[in-house]
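The values are calculated or read from the model by the stated rules, or taken from the named source; none is laboratory data. Because the structure is a prediction, the values reported are computed rather than measured. Because the Cβ atoms are built from the backbone with ideal geometry, glycine has one as well, and the counts that use them run over all protein chains shown. These accessible areas exclude ligands, DNA and RNA; they are computed on the full protein's heavy atoms, side chains included. Shrake-Rupley method; radii C 1.70, N 1.55, O 1.52, S 1.80 Å.
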Amino acid sequence: MAVDTSRPMDPAAGAKGARGRVRKAGTPPPRRIRDALARHWYAWAMVAPVVIVIGLIIGYPLVRGVYLSLTDANEANVERTIGINHIPATYKTVGLDNFRAILDDQVFWDRLSWTVTWTVSCVALTFAIGLGLAVLLNRRFAGRTLYRSLLILPWAVPAFVSVFAWRLLYNEKNGILNKVLHGGGIDAVPWLNDPTMAKVSVIAVNIWLGVPFMLVALLGGLQSIPGELYEAAEMDGASPWQRFRHITLPGLRSVSSTVILLSTIWTFNMFPVIFLLTRGGPGDSTEILVTYAYRLSFVNSPRDFAGASAWGVLILLILMLFAVVYRRSLRKQGEVW
């Protein structure tokens with residue numbers, strides 16, 4: 001039986017015959033969401049509590065903070081209850097006025113300059129010290145496990161306990177550091193009462209707290225580098241520096257990019273070290289962005305909730321901008337992140 005193939009088949013008819021009916025372009029297939037929920041209900045059930053908790057702990061405060069940053073809310077015009085009297089909120093929306101006022105204020109740029117200096121100094125020194133210790137502890141020697149445990153100890157101690165301990169060490173009259181200096185005939189150093197020494201002191205404490213994290217992360221990265229690479233390089237006559245430069249550093253690139261990003265974000269917002277050690281002093285010499293935002297909202301009177309929220313939003317935008325630029329630089333270097 002001959003078949004007539006001279007006439008082309010109608011695409012719509014063909015699609016209708018193959019699928020049973022015609023579906024509009026861009027329309028999701030029927031019951032796709034329902035089928036996904038039915039097929040992966042267990043995964044959705046496991047993820048749902050985490051999503052709810054994150055939404056309550058992070059999502060709502062974030063949205064509330066962004067909203068307050070667009071108002072003139074302060075201690076005098078927010079909703080409050082005094083005794084049996086309930087006073088309604090009277091603050092109003094002011095748009096971007098808070099952000100304009102902050103960016104026009106030299107205080108913001110002074111705080112930002114010190115915050116960047118503080119972050120870069122802490123991250124660079126923490127990474128260098130952590131890398132050096134990781135290289136040393138990656139070798140086999142007697143007591144290596146003990147040394148690893150001792151170096152991780154500052155990370156195990158709560159941050160506020162470590163800061164209070166360092167505050168005692170830095171005490172100008174009775175601190176151990178000045179006692180040692182006095183025994184050597186050196187005058188007492190005003191560790192926390194001089195602006196320059198206070199900055200050096202807070203950086204030293206933050207490095208003390210951050211080195212264990214760098215050490216553990218980089219040590220794990222070192223142990224993932226195949227030993228055959230070092231053996232082959234040594235047989236080819238490569239010096240220790242050449243092996244470190246051409247094998248160790250490239251092998252740690254993926255780990256290093258991650259820990260540098262995390263350490264930068266943590267240090268930029270490192271509230272406990274600054275607030276518990278110096279409270280931003282002497283004067284305001286060690287005040288960073290996050291401690292100043294806290295001061296506006298909880299210390300100064302009247303408390304400026306709108307201004308503190310605007311500072312918080314700017315901090316978030318700065319860190320997001322850094323993350324985007326950092327990600328693009330890694331992509332140019334061939335790193336996938």
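Overview of values
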| item | result |
| --- | --- |
| Selection status of I186, part of a loop (DSSP other than H, G, I, E, B) and among the β-branched types (V, I, T) | yes |
| Of all residues in the range 138-169 being among the small types (G, A, S) and open to solvent by 60 Å² or more (accessible area, probe 1.4 Å), the one that is farthest from F244 (Cα to Cα) | A156 |
| Residue in the range 173-180 that is over 30 Å from S257 (Cβ atoms), surrounded by fewer than 15 Cβ atoms within 10 Å (Cβ to Cβ) and in contact (Cβ under 8 Å) with a residue 60 or more places away in the chain present | no |
| Tally, over the range 68-88, of residues that are open to solvent by 50 Å² or more (accessible area, probe 1.4 Å) and either among the hydrophobic types (A, V, I, L, M, F, W, C) or in contact (Cβ under 8 Å) with a residue 12 or more places away in the chain (or both) | 6 |
| Residue selected from the range 235-254 under the condition of a type in the set (A, V, I, L, M) and open to solvent by less than 40 Å² (accessible area, probe 1.4 Å), by the criterion nearest to V299 (Cα to Cα) | L252 |
| Lone unmet requirement of (1) closer than 20 Å to Y170 by Cα; (2) in contact with a helix residue (DSSP H, G or I) (Cβ under 8 Å, 6 or more places away or on another chain); (3) open to solvent by 60 Å² or more (accessible area, probe 1.4 Å); (4) part of a helix (DSSP H, G or I) for G283 | (4) |
| Top-ranked residue of the range 89-132 - restricted to ones that are under 26 Å from the mean Cα position of the chain (by Cα) and surrounded by fewer than 11 Cβ atoms within 10 Å (Cβ to Cβ), ranked as farthest from V216 (Cα to Cα) | Q106 |
| Residue within the range 297-311 that is assigned to a helix (DSSP H, G or I), of a type in the set (S, T, N, Q), free of Cβ contacts under 8 Å to residues at least 24 places away in the same chain and surrounded by fewer than 16 Cβ atoms within 10 Å (Cβ to Cβ) present | no |
| Qualifying helices (runs of 4 or more DSSP H) (wholly inside the range 81-178; at least 2 residues being under 24 Å from S201 (Cβ atoms)) | 106-137, 144-156, 159-169 |
| Condition check for A323: in a helix (DSSP H, G or I), small (G, A, S) and buried (at least 16 other Cβ atoms within 10 Å of the Cβ) | no |
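Residues checked against (1) of a type outside the set (S, T, N, Q); (2) more than 25 Å from T115 (Cβ to Cβ); (3) touching a residue at least 40 places away in the same chain (Cβ under 8 Å); (4) in contact with a Ser or Thr (Cβ under 9 Å, 6 or more places away or on another chain):
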position: L151; (1), (2), (3), (4): yes, yes, yes, no
position: F164; (1), (2), (3), (4): yes, no, yes, no
position: L169; (1), (2), (3), (4): yes, no, no, no
position: S239; (1), (2), (3), (4): no, yes, no, no
position: R243; (1), (2), (3), (4): yes, yes, no, no
position: R253; (1), (2), (3), (4): yes, yes, yes, no
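Yes/no per residue for (1) in a helix (DSSP H, G or I); (2) farther than 20 Å from Y326 by Cβ:
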residue: W208; (1), (2): yes, yes
residue: L215; (1), (2): yes, yes
residue: E228; (1), (2): yes, yes
residue: G237; (1), (2): no, yes
residue: T264; (1), (2): yes, no
